[in-house]
1. Quick one: compute the contact order of the range 99-166, relative version, from alpha carbon pairs under 8 angstrom and 6+ residues apart, as a percent.
2. For the chain, what is the mean residue ellipticity at 222 nm derived from helices alone (per DSSP H run of n ≥ 4: -39500 (n - 2.57); sum divided by total residues; nearest 500 deg cm²/dmol)?
3. Between their Cα atoms, which of Lys40/Lys243; Lys131/Lys243; Lys131/Lys229 are more than 31 Å away from each other?
4. Quick check on packing: order 55-61, 216-222 by the mean number of other C-beta atoms within 10 Å, highest mean leading.
5. Tell me which residues come under 5 Å, amide H to amide H, from Thr205 once H is placed; ignore anything under 5 positions away on its chain.
6. What number, in percent, do you get for the relative contact order of the range 1-135 if the mean sequence gap of Cα pairs under 8 Å and at least 6 apart is divided by its residue count?
7. By per-residue mean of other Cβ atoms within 10 Å, what is the highest-first order of 47-53, 203-209?
8. If I model a spin label at Arg116 and Ala43 as a point 7 Å from the Cα along the Cα→Cβ vector, what separation in nanometres do I get?
Amino acid sequence: MKNIIITGCNGQLGRALGRVLADTQYRLINTDVAELDITKIDAVMELARKTEPYAIINCAAQTNVNGCETGRDTAFLINAIGPRNLSIAARETGAKLFQISTDYVFSGRDGRRHYRESDKTAPESVYGETKLAGENFVREFAGRYFILRTAWLYGEGKNFVRTMLGLAEKNDRVQVVGDQYGTPTYSMELARAIAYLLPTENYGTFHATCEGECSWAEFAREIFRLAGKSTIVEEISAEAYEKKFPGQAPRPAYSVLDNYMLDMTTDFRFTAWEAAIAEYVRSGC
């Protein structure tokens with residue numbers, strides 16, 4: 001069997017990969033920070049040399065966007081140095097490397113235009129800056145790599161969907177930002193895309209989100225509808241939200257990603273975000 005190292009195995013994507021890649025030709029070497037600190041090059045090299053992986057899938061990241069603003073060095077270690085270390089290990093062992101990135105590498109201030117992989121990056125938050133630095137280290141050090149930019153991820157773990165459903169249990173009304181747009185992406189859909197690319201040599205940078213777009217408020221309304229909740233969503237602007245909850249990191253106003261490279265080079269297609277969230281809610285969240 002072919003060994004695959006998965007970092008961040010207890011996160012939403014890591015758990016989804018465990019399900020999608022179960023009972024396949026791959027032997028999963030699941031690691032989280034307790035088993036492997038990706039910021040330590042010696043530890044990364046030791047595991048890679050010991051297991052000689054076919055692929056390394058990096059699901060580990062500092063995804064606390066506000067926390068990145070106040071902990072820049074920690075964010076850089078995890079989101080940039082970690083991918084660099086994994087890239088060096090992948091190159092030495094001949095492994096394929098999958099790096100998960102984000103829509104936050106874009107400013108989200110270019111009008112209502114879907115971003116393609118070749119568009120200019122311009123992150124406005126420390127989270128986006130450090131994830132872009134991670135991308136660049138992968139390009140510099142990894143020989144064979146897939147960089148997958150995704151957005152608004154949800155799955156098994158803490159996420160926007162579960163937060164909204166929790167609020168609905170205690171509130172008749174909730175305020176949700178209505179002027180930030182993106183594409184909610186189910187972790188199982190992203191895991192399926194990775195499984196599709198895994199045996200290929202179709203390397204490069206890809207956008208990898210469900211199809212379509214919505215605002216956070218529209219997403220919340222669809223969650224409540226599917227869950228049979230009568231909770232009313234009151235739209236609030238991002239500016240008003242910042243005044244209500246100061247200290248928020250900058251978020252892209254419009255960061256819908258176009259899966260252009262996947263569409264041009266593969267037969268894989270993500271499902272629409274509405275269908276994906278329906279599958280998630282039916283599964284019991």
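1. On the way: 58 pairs, mean separation 28.5, N = 68.
Across the range 99-166, relative contact order equals 42 percent.
2. Numbers: 12 runs with 114 residues, N = 285.
Mean residue ellipticity, 222 nm, calculated: -11500 deg cm²/dmol.
3. On the way: Lys40/Lys243 39 Å; Lys131/Lys243 27 Å; Lys131/Lys229 36 Å.
In this structure, Lys40/Lys243; Lys131/Lys229 lie more than 31 Å apart at Cα.
4. Details: 55-61: 26.1, 216-222: 21.7.
Ranking the peptides 55-61, 216-222 by packing returns 55-61, 216-222.
5. Excluding prolines and chain starts, which carry no amide H, the hits are Ile147.
6. Details: 217 pairs, mean separation 34.7, N = 135.
Relative contact order of the range 1-135: 26 percent.
7. Working: 47-53: 16.9, 203-209: 21.1.
Peptide ranking by packing, descending: 203-209, 47-53.
8. Calculated label separation equals 4.1 nm.
Each reported figure results from applying straightforward, stated rules to the coordinates on display, with no laboratory input. No experiment lies behind these values; they were computed from the predicted model shown. A quick note on method: Cβ atoms are made from the backbone with ideal geometry, for glycine too, and the neighbour counts reach across all protein chains shown.
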